[in-house]
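J.: Here you go, one structure.
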Amino acid sequence: MANITPKDRVVIFDTTLRDGEQCPGATMTLDEKLAVAEVLDGMGVDIIEAGFPIASNGDFEAVSEIARRTKRATIAGLARAIPADIARAGEAVRHAQRGRIHTFVSTSAIHLAHQMRKTQDEVIEIILKTVAQARDLVEDVEWSAMDATRTDIDYLCRCVEAAIRAGATTINLPDTVGYATPQEYGAMFRSVRERVPDADKAIFSVHCHNDLGLAVANSLAGLEGGARQIECTVNGIGERAGNAALEEIVMAIRTRADVMPYDTGIDTTMLTRASKLVSHAANFPVQYNKAIVGRNAFAHESGIHQDGMLKHSETYEIMTPASVGLAKTSLVMGKHSGRAAFKSKLSELGISLSDNQMQDVFERFKDLADRKKHVYDEDIEALVDQNLATAHDRIKLVSLSVIAGTRGPQRATMKIEMDGRTFTEEADGNGPVDAVFNAIHAMVPHDTTLELYQVHAVTEGTDAQAEVSVRLKAGERSVTARGADPDTLVASAKAYLSALNKLSAASVRLHAQHAAVV
Ligand code: KIV
Ligand code: ZN
């Protein structure tokens, strides 16, 4: 049995790019994945699960490229307990400084009977073979018992023993369906570690889903049970209600070091930046009252709290905004601000751009400063994200004018550029947004369902930029995209076109309407 000592190091395994990206609409482009991996590596994440290489060529390419570029973290590729999956994962992590194959199989009776249609003994054989295959390819092999928390404990121990015997170096026992309570989850680790003979040869890992809102509590209870790796995602994105949130786990351990004497090695001042980046890349807004990274997480509204804060910040603050990298929202600059000031603002926000990107974003900033009195940090971040998201777009908005008001029908006149050609269209709609989307549809016929249309203000004030999120579904694939602009209708058009661009990048067929070419 591994000796657990105070201030034990807890390994942070981030699965934002795999389990996180798996949730509806959170698809990221290769560039977005590379940017997220760079920030995760920079903040000290130990293992980045970069994708599921057999799932698609895009996933394979992302895992391989992240493996090639990442300087510090171990790069993991996911594989089912199938030889072809494991071979593909091995190929994808081949160029990593440190590569890991993470292979999993279901172990609960309900999964074996209805999904796998295999006996318990057959699954043990599969574990022995597939873990050994992975171990032939890489030194570092993680094995997961899918639906571990609903698995008979005797059988779970047999599976873990088999995986360790075959060479697994990390054993992950996920609460796949978010069903466990903290007491049960901690006890499961204690029991498995006590009963499996060679348990000390592997690091045990927690992986919790948030269906009952217990993912973080369960993960921490797993540590008490002897686990020393935590699988989590930035902003808690993931299947259904999501995964345990990285920032919550890291800050809970740091803030309550008195009762959780562990060390995660994470630079917590990068948490806010990582949250914003993932929110934009995955097009997943962060709820206002989300712990650590929500907009209200450090806002004190009531008179009594404000009074206490003014007298002594610790009266109502258990951690400082600075400790999670939150600078006070500052008024940035106006139209007279120069390139040098803008550049230094970007570096203060942790954003680095190539010279070309910088030039482009600076021009957009000047344009915005002409139209908007105060330009805030959030405005600049929205500009940068828009720029990165649209740099390689096939379809671009050229111009838009809309007739709106009480007397319908509302009418949109739009010009776009697609594959180097310009198209224009006029369309009516039941409201201005409908007219805008109808004009796009007329120019770029496509077969999709609009699953989400959401508007929020980037900052306060009536001249604030509107940020629009649009989710489109084409067949089995759904993508979400955002557009930002002081004009809500322009932001809506940008968001819709950005979603079409993402679909087009994912090889969904879009047709330019030749009749409308000008
Ligand atoms: O939730 C789960 O069980 C998983 C496994 C693939 C580890 O994501
Ligand atoms: Zn999961």
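J.: Can you pull out the helices (runs of 4 or more DSSP H) entirely within the range 161-272 that have at least 2 residues that are among the charged types (D, E, K, R) and surrounded by fewer than 23 Cβ atoms within 10 Å (Cβ to Cβ)?
T.: 182-195, 246-255
J.: Further question on the same structure: Which residues, taken from the range 137-160, are β-branched (Val, Ile, Thr) and part of a helix (DSSP H, G or I)?
T.: THR149, ILE153, VAL160
J.: I would also like to ask the following. Every residue in the range 415-459 that is charged (D, E, K, R), under 32 Å from the mean Cα position of the chain (by Cα) and under 21 Å from GLY405 (Cβ atoms), please.
T.: Of everything in the range 415-459, just one residue is charged (D, E, K, R), under 32 Å from the mean Cα position of the chain (by Cα) and under 21 Å from GLY405 (Cβ atoms), namely ASP434.
J.: Does at least one position in the range 162-183 carry a residue that is among the acidic types (Asp, Glu) and without any contact (Cβ under 8 Å) to a residue 24 or more places away in the chain?
T.: no
J.: Mind listing whichever residues of the range 430-473 are assigned to a strand (DSSP E or B) and crowded, with 20+ Cβ neighbours inside 10 Å?
T.: ALA466, GLU467, VAL468, SER469, VAL470, ARG471, LEU472
J.: Now for a separate question. How about the range 273-307: which of its residues are part of a loop (DSSP other than H, G, I, E, B), touching a strand residue (DSSP E or B) at 6+ places or on another chain (Cβ under 8 Å) and modelled with pLDDT under 90?
T.: Listed by number, the residues that qualify are ALA282, ASN283, PHE284, PRO285.
J.: I'm checking my understanding of the structure. Among residues of the range 149-204 that are of a type in the set (D, E, K, R), over 32 Å from the mean Cα position of the chain (by Cα) and within 21 Å of HIS111 (Cβ to Cβ), which one is nearest to ligand 2 (Cβ to nearest atom)?
T.: In this case the residue turns out to be ASP152.
J.: Being at pLDDT 95 or above and touching a strand residue (DSSP E or B) at 6+ places or on another chain (Cβ under 7 Å) is the requirement here; does THR422 meet it?
T.: no
J.: Same structure, new question: For GLU239, which of the numbered conditions (1) modelled with pLDDT of 95 or more; (2) within 12 Å of ligand 2 (Cβ to nearest atom) fails to hold?
T.: Answer for GLU239: the failing condition is (1).
J.: Also: Among the residues of the range 312-342 satisfying the criterion of being under 13 Å from MET251 (Cβ atoms) and among the hydroxyl-bearing types (Ser, Thr, Tyr), which is modelled with the highest pLDDT?
T.: SER323
J.: Can you give me the number of residues within the range 242-283 that are within 16 Å of ligand 2 (Cβ to nearest atom) and either at negative phi or not assigned by TED's automatic domain parsing to the domain that holds ALA37 (or both)?
T.: Result for the range 242-283: 6.
J.: Checking GLN115 against (1) of a type outside the set (Gly, Ala, Ser); (2) touching a residue at least 24 places away in the same chain (Cβ under 8 Å); (3) under 29 Å from ALA474 (Cβ atoms); (4) surrounded by fewer than 24 Cβ atoms within 10 Å (Cβ to Cβ), which single condition isn't satisfied?
T.: The single condition GLN115 does not satisfy is (2).
The values are calculated or read from the model by the stated rules, or taken from the named source; none is laboratory data. On a predicted model such as this, the values are computed, not experimentally measured, just so you know. Reconstructed Cβ throughout: ideal geometry from the backbone, glycine too, with neighbour counts over all protein chains shown.
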